[in-house]
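Encoded as structure tokens, the structure appears first; notes follow it.
Computed from the coordinates by the stated procedures, all read-outs in this text should not be read as laboratory data. Bear in mind that the values here come from a model prediction, so they are computed numbers and not experimental data. All Cβ positions, even for glycine, are placed from backbone atoms using ideal geometry, and neighbour counts span all protein chains on display.
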Amino acid sequence: MTKLSDPNDDVRLRAIQAAGELRIGSARQFLLDLLEEEEDDGLFIATIWALSQIGGEDVRVTIQTLLDQAEEDEIIDFLEEAIDNLDLTDQMNSFDLLALDPDDDLTEK
């Protein structure tokens, strides 16, 4: 997580992308805070996408707020895609394979 605040933009970008791809929930608040401070458009976009991969209700509220404030069609389209991805992420997070009871008979009868 220390790389998320690295002074080198390329390092930060890779760390942000990795946090999203690996769905590192502990990075969520840091990334949400980063959105408020980030001035680089590329890092801002990467942060939104990473958050859509991590999920969480606070992420949904943040992205929806950004969407409500957006004026450019390109940004609106991106934020709508991020919300769609967030929907998928939240669905995947709610599907817990470990919730299967080992005593259940899963064979077809």
*asked:* One residue is enough: does the stretch 1-13 have a residue meeting the conditions within 12 Å of the chain's Cα centre (by Cα) and among the polar types (S, T, N, Q)?
replied: no
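Just give me the residues in the stretch 6-28 being in contact (Cβ under 8 Å) with a residue 24 or more places away in the chain and not β-branched (Val, Ile, Thr), in sequence order. If you could, list the steps in order and put the result at the bottom.
So the first thing to find is which residues in the stretch 6-28 are in contact (Cβ under 8 Å) with a residue 24 or more places away in the chain, and the list is 9, 12-13, 16-17, 19-21, 23-28.
If the condition is that a residue be in contact (Cβ under 8 Å) with a residue 24 or more places away in the chain and not β-branched (Val, Ile, Thr), then 9, 12, 13, 17, 19, 20, 21, 23, 25, 26, 27, 28 are the ones that fit.
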*asked:* Can you list residue pairs whose Cβ atoms sit under 8 Å apart, with the first residue in the stretch 34-62 being at negative phi and surrounded by 13 or more Cβ atoms within 10 Å (Cβ to Cβ) and the second being of a type in the set (Lys, Arg) and in a helix (DSSP H, G or I)? Count only pairs 6 or more apart in sequence or on different chains.
replied: 43/12; 51/28; 54/28; 59/28
*asked:* Regarding the stretch 61-80, can at least one residue be identified that is out of contact with any helix residue (DSSP H, G or I) (no Cβ under 6 Å at 6 or more places or on another chain), part of a helix (DSSP H, G or I) and under 16 Å from residue 93 (Cα atoms)?
replied: no
_I need the full set of residues from the stretch 13-57 which are in contact with a Lys or Arg (Cβ under 7 Å, 6 or more places away or on another chain), assigned to a helix (DSSP H, G or I) and over 16 Å from residue 81 (Cβ atoms), in order please._
15, 43
*asked:* Restricting to the stretch 78-96, name every residue that is acidic (Asp, Glu) and surrounded by 12 or more Cβ atoms within 10 Å (Cβ to Cβ).
replied: 80, 81, 87, 90
